[in-house]
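Below: one structure, written as structure tokens.
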Amino acid sequence: RMEEVKSGYNARSLAQAAELVQLMFDYVAYTGDTAYLKGTVAPWLKEATLFYLSYLKKGSDGLWHATPSDALEMWWKVKDPLTDLCAARYLFWKTLAHGAEFGYEPAFLEAVRDRAEHLAPIPQGLWKRRKVTKDELPPGSPSYYTEILDSIDRASPTYAPAGDVLEDRIVHNQEHPELYIVYPMAMIDGTSPKADWERAVNTFRARKHPNSAGWSQCPVQAVRLRLPDAMDEVLDHARRHQKYPYGGWNSPASALKGSSTGATDTPYFDAMGVNLTALQEALLQSH
């Protein structure tokens, strides 16, 4: 029924279950907790995978597509968002790797294998935007809707937020779903094949909102790609968003009246989490 869901922030943002499963596998990798692996991770992995089995649609090209879906809060009601295709790949790979160990049914594993072998490709290309005029926006659109997708350069050596747009071409937020293939989905990093790494670096350099919000994951992505200026990204993120005198972190909210530091009315943990993750990975290269 996703076609019937009213568009909005997080209306079709579906990959979080896969991100949670990934965190669970990371925990097991660090701790060796096999009881947690079989008691908690196994059922979570199966349910998240079942969701994508039911959600993907087979197209006339014989491939399985995620449509309609959202590329985070950024692009609404699109076809084949990179976030979903990365999430599905991760879940399918883990299911096939651990399915026998977890006691999954043979028919389930066969369905997963078919999806994994015929999943739509990771989207590529550069999405070019332009300033939008008021008469191009739906009635009642917020004033901060200022850009619209103008064209897609499909030959560009970059990753794309999605395979294509449907009827909605408006830029809704300040995020980089095209970089989720680096973090949090962890499919490309500084040790990846050269062509994949270069495409990811090109994508990072072309991003439209560098460290623009507390939640911006630019620092972690720079570190995972092992860029020579990665620490500049980490420090720039801190300068922009660590505004509280005691060291607390900002994220979008109302400004505190009379603040000389730009502090908002609520301390946030998302910005702090991004920055600490980037620092830890820069020190340990542990992922």
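The values are calculated or read from the model by the stated rules, or taken from the named source; none is laboratory data. Remember, it's a predicted structure, so these values are computed and weren't measured experimentally. Backbone-built Cβ (ideal geometry, glycine too); neighbour counts: all protein chains shown. Side chains are part of the model used for accessible areas, which takes the heavy atoms of the whole protein and leaves out ligands, DNA and RNA. Shrake-Rupley method; radii C 1.70, N 1.55, O 1.52, S 1.80 Å.
I need the full set of residues from region 192-213 which are touching a residue at least 12 places away in the same chain (Cβ under 8 Å), in a loop (DSSP other than H, G, I, E, B) and either in contact with a Leu (Cβ under 7 Å, 6 or more places away or on another chain) or farther than 25 Å from SER69 by Cβ (or both), in order please. The answer is ALA206, ARG207, PRO210, ASN211. Of the residues examined, ASP196 is one that is under 18 Å from ILE122 (Cβ atoms) and within 21 Å of the chain's Cα centre (by Cα). Of these, LEU235, LEU227, LEU276, which one is touching a helix residue (DSSP H, G or I) at 6+ places or on another chain (Cβ under 9 Å) and without any contact (Cβ under 8 Å) to a residue 12 or more places away in the chain? Going through LEU235, LEU227, LEU276 in turn, just one is touching a helix residue (DSSP H, G or I) at 6+ places or on another chain (Cβ under 9 Å) and without any contact (Cβ under 8 Å) to a residue 12 or more places away in the chain: LEU235. Of the residues contained in region 69-79, one or more are found to be in contact with a helix residue (DSSP H, G or I) (Cβ under 6 Å, 6 or more places away or on another chain) and either among the charged types (D, E, K, R) or over 21 Å from SER156 (Cβ atoms) (or both). Go through region 15-41 residue by residue and tally those that are over 21 Å from TYR183 (Cβ atoms) and not small (Gly, Ala, Ser). Counting residues in region 15-41 that are over 21 Å from TYR183 (Cβ atoms) and not small (Gly, Ala, Ser) gives 7. Considering region 66-85, and only residues there that are farther than 18 Å from PRO121 by Cβ and charged (D, E, K, R), the residue that is least open to solvent (accessible area, probe 1.4 Å) turns out to be ASP70.
The residues on offer are ARG226, ARG239, and the sole one that is outside any loop (DSSP other than H, G, I, E, B), open to solvent by 80 Å² or more (accessible area, probe 1.4 Å) and not acidic (Asp, Glu) is ARG239.
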